[in-house]
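Engineer: Just dropping this structure here.
Taken together, the values in this text are just the output of simple stated rules run on the coordinates, not laboratory data. As the structure is a prediction and not an experimental result, all values here were calculated from the model. Quick reminder, even Gly has a Cβ in these numbers, built from the backbone with ideal geometry, and neighbours come from all protein chains shown.
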Amino acid sequence: MNDNDRFADRLATGISLEARVAAELRRNGWTVTQWGQGILPDEVRRAIRETGSRFRHFPDMVAARAGEVITVDAKDHMHSTDTGRYAVSRECVAFGLQFYAAFNLPVFYVFGNMGVLCPTEIMSYGQIGPRSTGGAYYLVSGRMARIFDDVFGQQASGGLAA
């Protein structure tokens, strides 16, 4: 399988999870719109991948409700059913921290089992995994993830903590 086929498979799986996450956010009163690479033409996505631009880590969607704005990055392929851990690229986590610092918009990673972590949690709870051909990853126990409705459910007074 070539890189384009692998990306197409990941994209199809990602689109399915994004739709599920967006539906759950809407159920909890959020207005959601797609963002990031998924809304770009194939040629632009390919150029972003080929140049190695950090733009490839842009969150998949932005959501808002009554004075709150968040970003969400769906990560379906990142949960290991064998170990119960999530694997998130160290570069992706660094981008999430920089994104928050630059725009004051929190980034939340939502995994295929609807567990939720933010970049600071991944850095705090994770271990640096072995470097592979795909790069370096943080490995985080799935037990550390927060429950989707606990994070995005009823509107909290004072907003969300990232």
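Engineer: Going by a ≥ b ≥ c, the root eigenvalues of the Cα gyration tensor, does the stretch 3-152 fall in the rounded group (a/c under 1.5), the prolate group (a/b larger than b/c) or the oblate group?
Structural biologist: Details: a/c = 1.38, a/b = 1.08, b/c = 1.28.
Rounded.
Engineer: Return the calculated 222 nm mean residue ellipticity for the chain, to the nearest 500 deg cm²/dmol, obtained by summing -39500 (n - 2.57) across DSSP H runs with n ≥ 4 and dividing by the residue count. Show your work: numbers first, answer last.
Structural biologist: On the way: 5 runs with 61 residues, N = 162.
Taking each H run of at least 4 residues, the total per residue is -11500 deg cm²/dmol.
Engineer: Now for a different question. What's the extension gain from Arg27 to Ser124 if we count 0.36 nm per residue and subtract their Cα-Cα distance? Show your work: numbers first, answer last.
Structural biologist: Details: separation 97, 0.36 × 97 = 34.92 nm, distance 3.02 nm.
My answer for the length gained is 31.9 nm.
Engineer: How large is ³J(HN,Hα), in whole Hz, for each residue of the stretch 13-22 in order, when computed from phi with the Karplus curve 6.51 cos²θ - 1.76 cosθ + 1.60 and θ = phi - 60°, using x for Gly and Pro?
Structural biologist: The phi angles translate into 5, x, 4, 5, 5, 4, 5, 5, 5, 4 Hz.
Engineer: Only bridges with both residues in the stretch 3-152 count here: give the DSSP antiparallel percent, nearest 5.
Structural biologist: Working: 22 of 27 bridges.
Here the antiparallel bridges make up roughly 80 percent for the stretch 3-152.
Engineer: Using a/c under 1.5 as the rounded threshold, could you call the stretch 91-145 rounded, prolate or oblate? The axes a ≥ b ≥ c are square roots of the C-alpha gyration tensor eigenvalues, and prolate needs a/b larger than b/c, oblate otherwise.
Structural biologist: Working: a/c = 1.92, a/b = 1.21, b/c = 1.59.
Oblate is the answer for the stretch 91-145, as a/c is 1.5 or above yet b/c matches or exceeds a/b.
Engineer: May I ask you to evaluate 6.51 cos²θ - 1.76 cosθ + 1.60, the Karplus curve with θ = phi - 60°, for each residue of the stretch 144-150 and list the ³J(HN,Hα) values in order in whole Hz, giving x for glycine and proline?
Structural biologist: With the stated coefficients, the stretch 144-150 comes to 7, 5, 8, 7, 3, 5, 5 Hz.
Engineer: As a footprinting exposure proxy, order Tyr100, Tyr138, Tyr86 by other Cβ within 10 Å, with the fewest listed first. Each step should come with its number before you reach the end.
Structural biologist: Values: Tyr100 17, Tyr138 23, Tyr86 26.
Result, fewest neighbours first: Tyr100, Tyr138, Tyr86.
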